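Let me begin by presenting the structure, written as structure tokens, before commenting on it.
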Amino acid sequence: MFKSAELVDAFMERQVDLGSEGRHSQTDLLVIAGLAQGLAILAVEGKAGESFGDLVDRWLDGSKGKEVRLDLLCEQLGLSPDAALQLRYQLLHRSVSAIREAKRYRTDVAALLIHSFSDDEESREDFGSFLRSLGLKEPVPGTLVGPVMCDGVRFFAGWVQDGAATDENPEQYLDDLRDYAERLAQWCDRVRALCDERKSRG
């Protein structure tokens, strides 16, 4: 399905309304991709050794607003709130961001991609736990797993692994970040070109 994907549009730090009180989910890079038939929405989350944030049971603080948000997130993901307690909250709302944007763009294909710049086994395990809760297997780096139906959307997930720094090559980490930044800049140039093309058409 994704082999013929082409970039249609992309937005850095895209904020997505989750449909409940509280902050919007801010995705590092939201990609609208053209497929052979229709569109796909990809939420790309870059990681450079940091975790996916608090576990849901720690994020919850007894407030009604957070309980309502958790219920809504779980409903869209097909999870029970109890099953989500030991999952990383960030993975829930990033996934729902892709799902909600897919519905807004009138497509039924969405994906969450984790782009990792370090060999972070703990985050891989957290990601795997989240996917297993959805009934998916943990993907081999560079591949997608899915789909699983989430609120009427076919949801996929993948892990992209870049080279990690080592004691023998400490500059590799910065090189990877620079490479990622260059690719983001290229995507942004493409987005600007698309916008200019649309303006010229009136």
Legend entry - Amide H contacts of residue 154 (H built 1.01 Å from N, under 5 Å, at least 5 apart or other chain): 109, 110
Inset, instruction - Lys and Arg at +1, Asp and Glu at -1: add these up for the other residues within a Cβ distance under 10 Å of residue 34 and post the number. - result: -2
Inset, instruction - Could you look at segment 23-159 and say what percent of its accessible area is carbon and sulfur, using a 1.4 Å probe and all protein chains? - result: 48
Inset, instruction - Indicate the gyration tensor shape class of segment 35-119 (rounded, prolate or oblate), computed on the Cα atoms with a ≥ b ≥ c the square roots of the eigenvalues: a/c under 1.5 is rounded; otherwise a/b larger than b/c is prolate and the rest oblate. - result: oblate
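Rounded to the nearest whole Å², what accessible area per residue is found for segment 70-147 with the 1.4 Å probe? Intermediate results must be reported in sequence, preceding the final value.
Details: 3350 Å² over 78 residues.
Per-residue value: 43 Å².
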Inset, instruction - Output ³J(HN,Hα) for segment 19-30: one whole-Hz value per residue in order, computed from phi by the Karplus curve 6.51 cos²θ - 1.76 cosθ + 1.60 with θ = phi - 60°, and x for Gly and Pro. - result: x, 8, 4, x, 5, 6, 7, 9, 7, 4, 8, 10
Legend entry - Label-point separation in nm, residue 80 to residue 17, each point 7 Å along Cα→Cβ: 3.2
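The values are calculated or read from the model by the stated rules, or taken from the named source; none is laboratory data. Because the structure is predicted, anything quoted here is derived from the model rather than measured. When we count neighbours, we look across all protein chains shown, and the Cβ atoms used for this are built from the backbone with ideal geometry, even at glycine. In case anyone asks, the SASA skips ligands and DNA or RNA and just uses the protein heavy atoms, side chains included. Shrake-Rupley method; radii C 1.70, N 1.55, O 1.52, S 1.80 Å.
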